[in-house]
Amino acid sequence: MYKKRFDGRKFDEMRPIEMEVGILEQADGSARFQIGKTIAIAGVYGPKEMHPRRLRKPDRAVLKCKYNMLSFSVTDRKRMGPGRRDKEIGLVMNFALGKSIMLDDFPKMGVEVHTEIIQADSGTRCASICAASLALAHAGVPMRDIVSSVAVGEVGGSVVIDLTKKEEDHPDGATDIPIAYLPKDDELTLLQLDGKIKPANLSKAIALGIEGCKRISDLQKKALRKKYSSS
Ligand code: UDP
């Protein structure tokens with residue numbers, strides 16, 4: 001049984017979170033999101049003309065999300081270029097964010113979201129979603145609400161929030177459940193599960209994740225307000 005977390009946190013405690021809106025000059029919207037040692041940056045381009053033209057949708061904009069983990073972001077240098085995992089996470093981000101964006105306001109157009117992981121200690125897809133959602137808001141893309149995201153799971157039999165890489169590799173086993181949440185609709189827009197978990201612990205983990213997302217959502221809104229009050 002996992003009784004005390006490696007970094008001394010409580011089971012329901014997330015790592016320290018920092019974020020900043022408007023970090024890139026050339027993007028229409030941008031943000032940095034850091035949770036513990038995991039750092040994601042996001043740049044949004046659009047809504048703009050959709051290329052290639054054959055992928056245009058007559059009634060709405062197409063959302064394209066790209067996720068990339070930089071070679072030096074992890075201890076074992078990652079091979080450069082998008083692998084299967086990066087492509088999968090791009091698709092996952094599309095699902096998680098698509099629901100929040102008023103894509104039908106922009107027929108035939110495209111919205112590009114690029115996220116880069118510059119340092120990774122688990123939870124990178126969640127950090128990317130949080131950074132991307134902030135960057136979309138900064139780009140002025142109409143949205144129902146900001147999407148928040150965090151991983152929950154089970155480590156050595158205990159339900160925890162915001163797993164580190166060391167926890168994911170726990171010798172007694174770990175289950176990682178990244179979730180994304182749209183507070184306005186009280187709706188999960190992402191729920192993945194890597195591993196095994198008892199049904200009772202799954203409900204407990206999801207409830208813990210939703211609480212975490214609500215806290216992140218408050219911080220995201222604070223960061224956006226800070227950006228606009230300073231400019
Ligand atoms: N990781 C790594 N090399 C890789 C992919 C992942 O070292 O090529 C590490 C990294 O710390 C990452 C963690 O494994 O955050 C967990 O990866 P996972 O695929 O579960 O996604 P994440 O939790 O980052 O969303």
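The values are calculated or read from the model by the stated rules, or taken from the named source; none is laboratory data. Note that the structure is predicted; figures quoted are calculated from it, not measured. Here Cβ is always computed from backbone atoms with ideal geometry, including for glycine, and neighbour counts include all displayed protein chains. When the accessible area is computed, the model is the full protein with side chains, heavy atoms only, and any ligands, DNA or RNA have been set aside. Shrake-Rupley method; radii C 1.70, N 1.55, O 1.52, S 1.80 Å.
For region 1-123, what is the relative contact order in percent, using Cα pairs closer than 8 Å and at least 6 residues apart in sequence? Walk me through the intermediate numbers first.
Details: 224 pairs, mean separation 39.7, N = 123.
Rounded, it is 32 percent for region 1-123.
Which order do the peptides 124-133, 215-224 come out in when sorted by mean C-beta neighbours inside 10 angstrom, highest first?
Numbers: 124-133: 30.2, 215-224: 18.6.
For the peptides 124-133, 215-224, the packing ranking is 124-133, 215-224.
Strictly greater than 13 Å: what percent of every Cα pair in region 42-105 meets that?
On the way: 1414 of 2016 pairs.
Value for region 42-105: 70 percent of Cα pairs lie more than 13 Å apart.
Normalising by the residue count of the chain, find the relative contact order in percent from Cα pairs under 8 Å and 6+ residues apart.
Values: 532 pairs, mean separation 50.7, N = 231.
22 percent.
Mind jotting down the distance between the C-alpha centroids of region 5-78 and region 101-173, whole Å?
Going from one Cα centre to the other spans 7 Å.
Could you look at region 124-216 and say what percent of its accessible area is carbon and sulfur, using a 1.4 Å probe and all protein chains? Provide the component values of the computation, followed by the final result.
Working: 1690 of 3370 Å².
Carbon with sulfur: 50 percent of the solvent-accessible area.
So, in nm, how far is label GLU20 from label GLU187 when the simple model puts each one 7 Å beyond its Cα toward the Cβ?
For GLU20 paired with GLU187, the spin-label model returns 3.4 nm.
Quick check: convex hull of the Cα atoms in region 28-79, volume per residue, rounded to a whole Å³? Mind showing how you got there, number by number?
Details: hull volume 5.6 nm³, N = 52.
Cα convex hull per residue, to the nearest whole number: 108 Å³.
So, R0 is 35 Å and r is the distance between the beta-carbons of ASP172 and ASP76; what FRET efficiency does that work out to, to 0.05?
Values: r = 23 Å, r/R0 = 0.65.
Result of the calculation: an efficiency of 0.95.
List the DSSP H helices in the chain whose Cα atoms stretch 30 Å or more along the helix axis and whose mean Kyte-Doolittle hydropathy is at least -0.5.
Values: long enough: 199-230 (46 Å, -0.47).
Helices passing the filter in the chain: 199-230.
Remind me, relative contact order of region 60-112 in percent, using alpha carbon pairs under 8 angstrom and six or more residues apart? Could you put the intermediate results ahead of the total?
Values: 58 pairs, mean separation 33.0, N = 53.
Once divided by the residue count of region 60-112, the mean separation gives 62 percent.
With all pairs of different alpha carbon atoms counted, what Kirkwood hydrodynamic radius in Å does region 1-41 show?
Working: mean 1/r = 0.0811 Å⁻¹.
Evaluated on region 1-41, it is 12.3 Å.
Among bridges DSSP assigns within the chain, what percent are antiparallel (round to 5)? List each step's numbers first, then the result.
Values: 40 of 48 bridges.
Antiparallel bridges make up about 85 percent of those DSSP assigns within the chain.
Hey, what's region 96-191 come to in accessible area per residue, 1.4 Å probe, Å²? Write down the numbers at each step before the final one.
Details: 2950 Å² over 96 residues.
With all protein chains present, region 96-191 gives 31 Å² per residue.
If you average over every viewing direction, what projected area does the convex hull of the Cα atoms of region 75-157 give, in nm²? Walk me through the numbers before you get to the answer.
Details: hull surface 29.2 nm².
That works out to 7.3 nm², a quarter of the Cα hull's surface.
Could you give the Stokes-Einstein D for region 1-90 in µm² per second, using the C-alpha Kirkwood radius, 20 °C, 1.002 mPa s?
Values: Rh = 16.6 Å.
Taking Rh from Cα pairs, D becomes 129 µm²/s.
Return one quarter of the surface area of the convex hull spanned by the alpha-carbon atoms of the chain, equal to its mean projected area, in nm².
Numbers: hull surface 52.3 nm².
Mean orientational projected area (the chain, Cα hull): 13.1 nm².
Helix-derived [θ] at 222 nm for the chain: sum -39500 (n - 2.57) over DSSP H runs of at least 4, divide by residue count, nearest 500? Walk me through the intermediate numbers first.
Details: 4 runs with 66 residues, N = 231.
Here the helix-only value at 222 nm equals -9500 deg cm²/dmol.
Applying a 10 Å radius around every beta-carbon, put 107-118, 199-210, 79-90 in order of their mean neighbour count, most first. The partial results should precede the final answer.
Values: 107-118: 20.7, 199-210: 16.4, 79-90: 13.2.
Packing order, densest peptide first, comes out as 107-118, 199-210, 79-90.
Rg to Rh for region 134-224: what is it, with Cα atoms only and Rh by Kirkwood? Before the final figure, lay out the partial values.
On the way: Rg = 14.3 Å, Rh = 13.8 Å.
Taking Rg over the Kirkwood Rh, I get 1.04.
Volume per residue, Å³, of the convex hull around the alpha-carbon atoms of region 185-228?
Taking the convex hull of the Cα positions in region 185-228, it is 87 Å³ per residue.
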